[in-house]
Amino acid sequence: MNIRTIAQIKNLKNKAVLVRVDYNVALKKGKIMETERIDRSLKTISYLLKKKAKVILISHLGNPGGKVLNEFSLKPVAHYLDSKSHKPVIFIEDCLGTKAQDAVRKLKSGQILMLENLRFHEGEEKNDPKFARNLSDLADIYVNEAFSVCHRAHASISAITKYLPAYAGFNLANEVINLNKLLKGFKRPAVAIIGGVKISTKIKVIENLLRRYDYVLVGGALANNFFVAKKLNIGKSIFEKEYVKLANSLLLKSKGKLILPLDVRVAKKINKTSEIIKFNIADLVKVNMKNYQIVDIGPKTENYFESFIHQSKTIVWNGPMGVFEIESFSHGTNFICQKVSAHAKGPAFGVVGGGETIAALDKLKIKSWPDFVSTAGGAMLEFLEGKILPGIKPLLK
Ligand code: 3PG
């Protein structure tokens, strides 16, 4: 997959460059909880500044639904960027209108301007051509540095590319190169570990990887759907009823490539004081699970999954193995995190991704990160489904 990148732009001097970043970060009382996405955009920003371009940053934050809501303001991000980029960041409280236009007019080469949340306008999520056209009027060139939103056909991702020459930023290009390596020309055995809660968002990835990979290991609440398909009793554990039939058909046609947990940790309540009991999966037909829910994979599963990790030459991991936010339910996720990171740092090509997966890496202070850590959630999954994302299509050579 070959995409046009900013390295191919011949002359950037005095050009106004509209850079679509993904600064959709978690904020708590105005404090940014995780800065990785912002930090990764700095390389593209500094490159543009060095080439004497005028940098105009646009992003969304949260889902304000076309309304101006203070809690979704990008102002705290502008402050953070100001301190990180060692350049003053001019912030304007709208992404369109006369204030934005004036600020762009006054912007000098080598300066950074950040505009307010795109999703304060309805046109953004509607991929409205008029909204895109108005945004494009602010600049000479468009750069997409927001891989993690490329699965959304929104105005600042898709429609805008009709009005401006479009290029990929360095981080977006890096995401595409590394995720592409997971789908084409990869070494075998290839192993995917998919966890998390909602099978509805991951079933297509599981399907696609089952077609291509040697093993797909499923953990977290996702596995519950397969347990129900196998007529096991999962008590109060969460699952998605409408996906059980599909889970069953995947099990039947997976020819032993779909690997499920051998045992689980269960608890009565999702809190840190709740007692943990371990059950073998085979016993879930006879034990009384009425008051219990599955909160983590069990120790036998950890060792079983490790045997697949150990033999892999290509490995991808997305999604926790249980309710890892609660310390006592995080054993399985931490175990997988450590094993995947170590193996991917060593003999295998390894990629991990998704907000929760990064949170697990951070929490454990893993020093030797895998070959690549994607900051994308939904976009990574849709890429691994084998789709050409709406944000990537216009950047293809
Ligand atoms: C993400 O955090 O995955 C992206 O910023 C996309 O956000 P969205 O799911 O609100 O579109």
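Scan the stretch 42-56 and give yes if some residue there is part of a loop (DSSP other than H, G, I, E, B) and open to solvent by less than 70 Å² (accessible area, probe 1.4 Å), otherwise no. Write out each step before concluding.
Initially, the stretch 42-56 is screened for residues part of a loop (DSSP other than H, G, I, E, B), giving 51-53.
The next check asks that each one be open to solvent by less than 70 Å² (accessible area, probe 1.4 Å); those that pass are 53.
Checked the stretch 42-56: at least one residue is part of a loop (DSSP other than H, G, I, E, B) and open to solvent by less than 70 Å² (accessible area, probe 1.4 Å).
Would you list the strands (runs of 3 or more DSSP E) that sit entirely within the stretch 289-397 and hold 2 or more residues that are under 27 Å from ARG211 (Cβ atoms) and within 16 Å of the ligand (Cβ to nearest atom)? I'd like the intermediate steps shown before the answer.
Working: elements: 293-297, 314-318, 349-353, 372-374.
Hits in the stretch 289-397: 349-353, 372-374.
Among the residues making up the stretch 89-143, those that are open to solvent by 10 Å² or more (accessible area, probe 1.4 Å) and hydroxyl-bearing (Ser, Thr, Tyr) are THR98, SER109. Tally up the residues in the stretch 140-155 that are of a type outside the set (A, V, I, L, M), within 12 Å of the ligand (Cβ to nearest atom) and either in contact with a strand residue (DSSP E or B) (Cβ under 6 Å, 6 or more places away or on another chain) or assigned to a loop (DSSP other than H, G, I, E, B) (or both), please. Matching residues across the stretch 140-155 total 4. Restricting to the stretch 3-45, name every residue that is within 30 Å of GLU71 (Cβ to Cβ) and either touching a Cys at 6+ places or on another chain (Cβ under 8 Å) or among the polar types (S, T, N, Q) (or both). Once the filter is applied, which keeps residues that are within 30 Å of GLU71 (Cβ to Cβ) and either touching a Cys at 6+ places or on another chain (Cβ under 8 Å) or among the polar types (S, T, N, Q) (or both), the stretch 3-45 yields ASN24, THR35, SER41, THR44. Of all residues in the stretch 178-225, those being under 13 Å from ALA247 (Cα atoms), touching a residue at least 60 places away in the same chain (Cβ under 8 Å) and in contact with a strand residue (DSSP E or B) (Cβ under 7 Å, 6 or more places away or on another chain) number 4. When restricted to residues that are within 16 Å of the ligand (Cβ to nearest atom) and farther than 15 Å from ASN24 by Cα, the stretch 61-94 contains 2.
Scanning the stretch 30-41 for residues that are closer than 22 Å to GLU356 by Cβ and either open to solvent by 30 Å² or more (accessible area, probe 1.4 Å) or not small (Gly, Ala, Ser) (or both) yields LYS31, ILE32, MET33, GLU34, THR35, GLU36, ARG37, ILE38, ASP39, ARG40. Of all the numbered requirements in (1) open to solvent by less than 70 Å² (accessible area, probe 1.4 Å); (2) assigned to a helix (DSSP H, G or I), PRO64 misses one, and that requirement is (2).
Please return the ranges of helices (runs of 4 or more DSSP H) entirely within the stretch 203-258 where 2 or more residues are open to solvent by 40 Å² or more (accessible area, probe 1.4 Å). Write out each step before concluding.
Working: elements: 203-212, 222-229, 244-253.
It comes to 203-212, 244-253.
The values are calculated or read from the model by the stated rules, or taken from the named source; none is laboratory data. None of these values were measured; they are calculated from a predicted model. FYI the Cβ positions are ideal-geometry reconstructions off the backbone, even for glycines, and counts take in every protein chain you see. All accessible areas refer to the heavy atoms of the entire protein, side chains included, with ligands and DNA or RNA removed. Shrake-Rupley method; radii C 1.70, N 1.55, O 1.52, S 1.80 Å.
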